[in-house]
Amino acid sequence: MQLYRLALVAVTATAIAGGVAANEDVINMQSDPSNWAMQLGNYQGHRYSQLDQIDTGNVGDLQVKWTFSTGVLRGHEGGPIVVGDTMYIHTPVPNIVYALDLNDNGRIIWSYEPRQDPSVIPVMCCDTVNRGVAVADGKVFLAQADNTVVALDAKTGEPIWSVKNGDHARGETLTAAPVVVRDKVFIGISGGEFGVRGSLTAYNTNDGSRVWRAYSTGPDSEALIDPNKTMMMGKPIGEADLGVSTWNGDEWKIGGGTTWGWYTYDPDLDLIYYGTGNPGTWNPAQRALNGERVDNKWSMSIFARDPDTGLAKWVYQKTPFDEWDYDGINENILADIEIGGQMRKVLVNFDRNGFGYTLDRETGELLVAEKFDPTVNWASHVDMATGRPVVLDQYSTFVQGEDVNTEGVCPAALGSKDQQPASFSPDTGLFYVPTNHICMDYEPFAVSYSSGQPYIGATLSMFPAPNSHGGMGNFIAWDAAKGEIVWSKPEPFAVWSGALTTAGGVAFYGTLEGYVVGVDMEDGEELYRFKTPSGIIGNINTYEHNGQQYIGVLSGVGGWAGIGLAAGLTGDSEGLGAVGAHKALGDYTRLGGVLTVFGLPN
Amino acid sequence: MRSLLCRIAAAIALVNGAAMIPAEAQEGTVPPAPNDLTAEIDPLDNPYHVDDGKVDRGTYNGYRRYHSSCHVCHGPDGLGSSFAPALVESLKSLDYVAFAEVVVNGRQAQGATGNSVMPSFAFDPNVMEYMNDIYGYLKARTDGALDRGRPQRLPK
């Protein structure tokens, strides 16, 4: 803890100045670049590091310094947290947390393994993933699959308090990483494929008592919306209880809008930001009102809320009346960029639906909405006056109808980007985004709801985007002011790992085959590639210890990508090109959770 | 307690006729699957009709229900995933009765981590009502009568 205390003194003054105290401990930890104190690097979700020892000139020399097997086989999302001399890592179910000693090549200081009912496992739709822990005020916060939120003593791993956030018998589970602001820890919920009603809940970090819960659907009193104050497209919403009236009967009660993505926070504006997921079922006809499309609010929305009261300051719905499972939970990155000659405080979101949105993060005003994958075809564009996508009938699974196979929709349900978080570099002003390049056929059909059972109601088949490079992913650099791709680097498989940018000018990402890849942030030129023991769906993080910069990543293929791609995708092999010949991910990698730590030669 | 509940549920489901098993099938022998287009579909002797890549309504529905309820674990087209076995292999030795038993009661694997669970679908109408269809589809895949991907429907 020595280093950390030194650094703390240096940064306190700048970090706190001007802002409402966020959580001093968290602010201090994240302001010290030797730490990787939060899953997304900082409150703003930049996943950027000021460390510059590893740079474009020497990244090619990176070598593995030490490794650690987590002992768990399922998909490993999220990444290592580093505070001072300790690294904290986590696993999918059984949700083990390890505190590792960086002074001793990762000796285990403590580990925590909860006892969980195995009947939780089948209600985790797409693997038993967990996106990591949060560290604040001497505690480690873990959201377990079985809906237990637990605060552990960061020194000993002993539980201090725990609380239940949901019930797996109703299909509810936890997968998202908690975030701490002041004395509150924010917990989302998963289970969009089980008719769960999504919510975000704030618990007191001292004792686990519940402070507020904001539902994603239902009356304003439960969605914590004030229709006269909460803004939508720059104006008060005006109409009450849209979370009820935009649904068919009681469907809102099982309406989805889960909150399993990443949460960000602006300490100056004192607002937290998160996205809500798809409405259930995947069969849009069952969510229509009198045979007409209806918004299904507030699924597929970005919320900005007051962290103390939960009251929504503004909300923006990206995909009203979803017809494709474009689950809108992706992270909202907070950056200050120049638009039209003016510095703007913006929020940038790369949605599953393939549009990159830039909004004013104070008011929710929509500034830019452009496709970040050229193959996106379900909507021609977003109408900037209404904020609504202009949906093409040909790709509308609602217009085509129940029991009809709507063909060639891009992107596929896993989106042009899934949960894998992007990175923002203040040096280049650009966003570095891991993306998917996959399209689908989608056939909705009638389903019945039964508590705790899958509530899906569509069958879909996926294939690499036709008439393209044949691969299923790209790593791109994005200009969020213009809404343009700056460069794009094709990959054979979907890029399902969180990106990292660094002051050394190198961006890093992982691949499903298991490669850690380092590229030049200027042009995407590949500078480094190393194959880790399993496919990477975790996030690449960096930290400094004893004056040396390291790169850390959890391998362990799985998640939706790992399951869906294991057997390979079908589809027209014409036009797939050379890369399309790589079919099955199972030919490249197998399960296994391993931490790999890289550094430069001594 | 749980497995008792499941068994009761199974009995209810079976009585309801959602998954009808003729008495002579209880021996558990693997019946041939002749794909006789002239004979009625029944899950034991003639679980599917496939003609030139086109399938009967039930098999088509089985394709849809499988990809809605099972494929997240068992992979696309019954090919398996790192999470659950390839049912196109399983059905080489599992007959309809054994298949239905697993689907109704579920099963808990004791593998390396003991972490994969086959859930009970006894309470899921989206599966229980279409057990025959799902079996027919998977059986056609297992027998090599049907390729990967979305099948075409036979004209009625």
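Odds and ends about this structure:
- Scope the stretch B:38-55; condition touching a strand residue (DSSP E or B) at 6+ places or on another chain (Cβ under 8 Å) and not hydrophobic (A, V, I, L, M, F, W, C); matching residues: B:E40, B:Y48, B:H49, B:G53, B:K54
- Residue in the stretch A:267-282 that is at pLDDT below 95 and open to solvent by less than 10 Å² (accessible area, probe 1.4 Å) present: yes
- Failed criterion for A:N103 (all others in (1) farther than 26 Å from A:I27 by Cα; (2) part of a helix (DSSP H, G or I) hold): (1)
- Selection status of A:Y528, open to solvent by less than 10 Å² (accessible area, probe 1.4 Å), in contact (Cβ under 8 Å) with a residue 60 or more places away in the chain and either in contact with a Ser or Thr (Cβ under 8 Å, 6 or more places away or on another chain) or of a type outside the set (S, T, N, Q) (or both): no
- Some residue of the stretch A:391-399 being among the small types (G, A, S) and modelled with pLDDT of 95 or more: yes
- Residue within the stretch A:58-71 that is at pLDDT 95 or above, more than 14 Å from chain B (Cβ to nearest Cβ), open to solvent by less than 10 Å² (accessible area, probe 1.4 Å) and on the phi < 0 side of the Ramachandran plot present: yes
- Hits in the stretch A:285-313 (condition: closer than 23 Å to A:R210 by Cα and open to solvent by 60 Å² or more (accessible area, probe 1.4 Å)): A:D308, A:T309, A:L311, A:K313
- Total residues in the stretch A:79-109, condition touching a residue at least 40 places away in the same chain (Cβ under 8 Å), closer than 13 Å to A:G132 by Cα and more than 12 Å from every other protein chain (Cβ to nearest Cβ): 10
- Residue list for the stretch B:55-67, restricted to those being touching a Leu at 6+ places or on another chain (Cβ under 9 Å) and within 13 Å of chain A (Cβ to nearest Cβ): B:R57, B:Y60, B:G62, B:Y63, B:Y66, B:H67
- For B:D45: the one exception among (1) away from chain A (no Cβ under 14 Å); (2) open to solvent by less than 10 Å² (accessible area, probe 1.4 Å); (3) modelled with pLDDT of 55 or more: (2)
- Top-ranked residue in the stretch B:74-88 [being at negative phi and out of contact with any helix residue (DSSP H, G or I) (no Cβ under 6 Å at 6 or more places or on another chain); ranked as nearest to the other protein chains (Cβ to nearest Cβ)]: B:L79
- Candidate set: the stretch B:116-150, residues that are polar (S, T, N, Q) and at pLDDT 95 or above; chosen: the one nearest to B:N105 (Cα to Cα): B:N132
- Pairing each residue of the stretch B:39-54 that is among the polar types (S, T, N, Q) with any residue that is part of a loop (DSSP other than H, G, I, E, B) and open to solvent by 40 Å² or more (accessible area, probe 1.4 Å), provided the two are 6+ apart or on different chains, yields C-beta distances under 7 Å for B:N46/B:P34; B:N46/B:D36; B:N46/B:E40.
- Residue within the stretch A:463-473 that is within 30 Å of A:T173 (Cβ to Cβ), surrounded by 24 or more Cβ atoms within 10 Å (Cβ to Cβ) and not charged (D, E, K, R) present: yes
- When residues in the stretch A:110-132 are screened for being more than 13 Å from chain B (Cβ to nearest Cβ), in contact (Cβ under 8 Å) with a residue 40 or more places away in the chain and not charged (D, E, K, R), 4 of them pass.
- Selection within the stretch A:474-502: residues that are part of a strand (DSSP E or B) and in contact with a Leu (Cβ under 9 Å, 6 or more places away or on another chain). The member of this set that is most open to solvent (accessible area, probe 1.4 Å) is A:V486.
- Within the stretch A:442-463, residues that are more than 7 Å from chain B (Cβ to nearest Cβ) reach partners that are among the polar types (S, T, N, Q) with beta carbons closer than 6 Å, at six or more positions or on different chains, in the pairs A:Y442/A:T397; A:Y442/A:T406; A:P444/A:N283; A:P444/A:T397; A:Y455/A:T281.
- Applying the criterion of at least 3 residues that are touching a Leu at 6+ places or on another chain (Cβ under 9 Å) to the strands (runs of 3 or more DSSP E) found wholly in the stretch A:193-301 leaves A:210-215, A:264-266, A:271-275.
- Residue in the stretch A:435-454 that is open to solvent by 10 Å² or more (accessible area, probe 1.4 Å), of a type in the set (G, A, S) and closer than 26 Å to A:T264 by Cα present: no
- Taken together, the residues in the stretch A:147-167 that are open to solvent by 40 Å² or more (accessible area, probe 1.4 Å) and not aliphatic (A, V, I, L, M) amount to 8.
The values are calculated or read from the model by the stated rules, or taken from the named source; none is laboratory data. Bear in mind the structure is a predicted one, so any value in this text is a computation, not a measurement. Backbone-built Cβ (ideal geometry, glycine too); neighbour counts: all protein chains shown. Protein only, heavy atoms only, side chains kept; ligands, DNA and RNA dropped before computing areas. Shrake-Rupley method; radii C 1.70, N 1.55, O 1.52, S 1.80 Å.
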